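What follows is calculated from the coordinates using simple rules that are stated; it is not laboratory data. Keep in mind that what you see is a predicted model, and the values were worked out from it rather than measured. In this analysis, Cβ positions are derived from the backbone assuming ideal geometry, glycine residues included, and neighbour counts consider all displayed protein chains.
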Amino acid sequence: MTRLFVIAVLSVLTAVPLCVSSQNINTVFDSGVAKMEKKQWPEAAKDFTFVTGKDKYYYDAWYNLGLCNVEMKNNDAAINAFTKAIEAKKDYTEAYLARAGVYENTGKKKEAAADLDALLKMKPDNIQAWERKALLNLSQNNTDAALKDLSKAIDLKTKNADTYSQRAEIYLSRKNQTDALNDLNTAIKLNPSHAGSYDKRGNIFYSKGEWVNAAADFGKATELGLKNEGIYEKLADCYYQSGVADKAVETFSILLNTYKTRNPVIYRMRGEMYNSAAKYAEAVKDFTKAISLNQSDYAAYYGRGYAYSMLGKTKEPMALRDFNKAIDLKSDAGESYLKRGIYYYDRKKYDEALQDFSKAVKYSATGEAFFYRGAVYDETGKPDQACQDLKKAASMNYKPAVERVKSRCP
């Protein structure tokens, strides 16, 4: 046997154990990954510990070991594993981010910031690091720095809807609705299921009195699972303000039945929607409940008075009593005088109606108030005064007045 042949044989024999060892480590690593996918954290951690015991430079194993320890709430062990991963691979982006997250969650915000700064020094175009840095600054109420961080991530073309939504929230805190709205539109475009952005955008529309748009956004947010008493209150108010009686009643009912609200205004507003839907018996019940919770709510009294007035002659004394009570509680409430005036007008008590409509015009001057006073003048043979009021009501886009002007005021 030649010397060269012996050397060749020995080389093969010594290479085999190394190959088997490498295959064994990778197999165990893959086993750990499979266990992570099944959320078998302790078992996966054992596999990665075995791997790192065999090869201390196996940075992916250290990183996964850190993730397992995060899931098991072993924060110190997680930090140690991520540190080992970084030692094995100096530019390991994911390890820096993960360690920063553990530092932040354990109150070590300076250490978290140091990790993010170190990462950004190496990779200034790392979007996720800018976003994490923004969250860290937000947790410390440093909105100026957070705004810069979020803007940097956005300049780098992030596709994260949360980033746009968070910047919008800062803009809103600074009364900058225009830029906030632009960001929220982008967030929703990136993620049509981003409930928080619909809620924030709905609040912008709500503040502007754009009830239909606000209702659409609040409704979408609730469909996506963002359900709480506050959002339903705003949604109900949007339907109420835009006169969508059935939707308003439905949403007020959620507040009363699901959230067990004791807010008398909710009962009163649902009562008003029942009135507009000609469901007067239901309206009386709601107004009565509102009054029992707040006996000084004049609007609940005149609302109930109107409902009583529509339930027939047997309820007329109760209607008049409620109208009078509403006016006693608030003598300058134009709506109370208007409702009582309509009550008198429908019963052809024109003198009493005229007095009330004049008070309604004095205190609220709505198109409806001018219309009814004009109608009284028309019924009592005073065409000049009638047309003056009817034309005023028509100029205020009160539709019944527009039609009556055509026939009575040529």
- Item | Residues of the range 175-196 satisfying the condition of being charged (D, E, K, R) and in a helix (DSSP H, G or I) | ASP179, ASP183, LYS189
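Across the range 190-227, which residue is surrounded by the most Cβ atoms within 10 Å (Cβ to Cβ) among those that are of a type in the set (S, T, N, Q) and touching a Leu at 6+ places or on another chain (Cβ under 6 Å)? Even if it seems obvious, please write down each step before you answer.
To start, the set of residues in the range 190-227 that are of a type in the set (S, T, N, Q) comprises 191, 193, 197, 203, 207, 213, 222.
Filter once more, so that each one left must be touching a Leu at 6+ places or on another chain (Cβ under 6 Å): 193, 197.
On the way: SER193: 12, SER197: 29.
Looking at residues that are of a type in the set (S, T, N, Q) and touching a Leu at 6+ places or on another chain (Cβ under 6 Å), I get SER197.
Just for the range 61-108: of the residues that are outside any helix (DSSP H, G or I) and among the hydroxyl-bearing types (Ser, Thr, Tyr), which one is farthest from TRP41 (Cα to Cα)?
Step one: filter the range 61-108 for residues outside any helix (DSSP H, G or I), giving 72-74, 89-92, 106-108.
With among the hydroxyl-bearing types (Ser, Thr, Tyr) added as a condition, the list becomes 92, 106.
Numbers: TYR92: 22, THR106: 20 Å.
Across the range 61-108, the extreme among qualifying residues is TYR92.
Is it the case, given these coordinates, that VAL405 is in a helix (DSSP H, G or I) and in contact (Cβ under 8 Å) with a residue 24 or more places away in the chain?
Spelling it out, it is not the case that VAL405 is in a helix (DSSP H, G or I) and in contact (Cβ under 8 Å) with a residue 24 or more places away in the chain.
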- Inside the range 191-213, the number of residues satisfying the requirement of being farther than 13 Å from GLY225 by Cα and in contact with an Asp or Glu (Cβ under 7 Å, 6 or more places away or on another chain) is 4
- Message: Which pairs turn up if I take residues in the range 114-138 that are surrounded by fewer than 19 Cβ atoms within 10 Å (Cβ to Cβ) and look for partners that are among the aliphatic types (A, V, I, L, M) and assigned to a loop (DSSP other than H, G, I, E, B) with beta carbon separation below 8 Å, at least 6 apart in sequence or on another chain?
- Response: ASP125/LEU156; ILE127/LEU156
- May I ask you to list pairs of residues, at least six apart or on different chains, whose Cβ atoms are under 7 Å apart, with the first in the range 67-81 being among the polar types (S, T, N, Q) and the second being assigned to a helix (DSSP H, G or I)? ASN69/ALA45; ASN69/ALA77; ASN69/ALA78; ASN69/ALA81; ASN75/VAL102
- Item | Selection within the range 260-309 - under 16 Å from ALA245 (Cα atoms), among the polar types (S, T, N, Q) and surrounded by fewer than 21 Cβ atoms within 10 Å (Cβ to Cβ) | SER276
- The residue from SER358, SER331 that alone is over 20 Å from PRO400 (Cβ atoms) and small (Gly, Ala, Ser) is SER331
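For the range 321-385, please list each of the helices (runs of 4 or more DSSP H) lying entirely inside it that holds at least 1 residues being in contact with a helix residue (DSSP H, G or I) (Cβ under 7 Å, 6 or more places away or on another chain) and surrounded by fewer than 19 Cβ atoms within 10 Å (Cβ to Cβ). I'd like the intermediate steps shown before the answer.
Numbers: elements: 334-346, 350-363, 367-379.
Filter on the range 321-385 gives 350-363, 367-379.
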- Spot the failing condition for ALA307; the list is (1) aliphatic (A, V, I, L, M); (2) over 34 Å from the mean Cα position of the chain (by Cα); (3) closer than 30 Å to ASN228 by Cβ, and only one is missed. (3)
- Message: Any residue that is outside any helix (DSSP H, G or I) and either closer than 23 Å to TYR198 by Cα or within 26 Å of the chain's Cα centre (by Cα) (or both) - is there at least one of those in the range 159-173?
- Response: yes
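Wholly within the range 197-295, which helices (runs of 4 or more DSSP H) include no fewer than the required count, namely at least 1 residues that are closer than 30 Å to ARG321 by Cα?
Numbers: elements: 211-223, 229-241, 245-257, 264-276, 280-293.
Of the helices (runs of 4 or more DSSP H) lying wholly inside the range 197-295, those with at least 1 residues that are closer than 30 Å to ARG321 by Cα span 229-241, 245-257, 264-276, 280-293.
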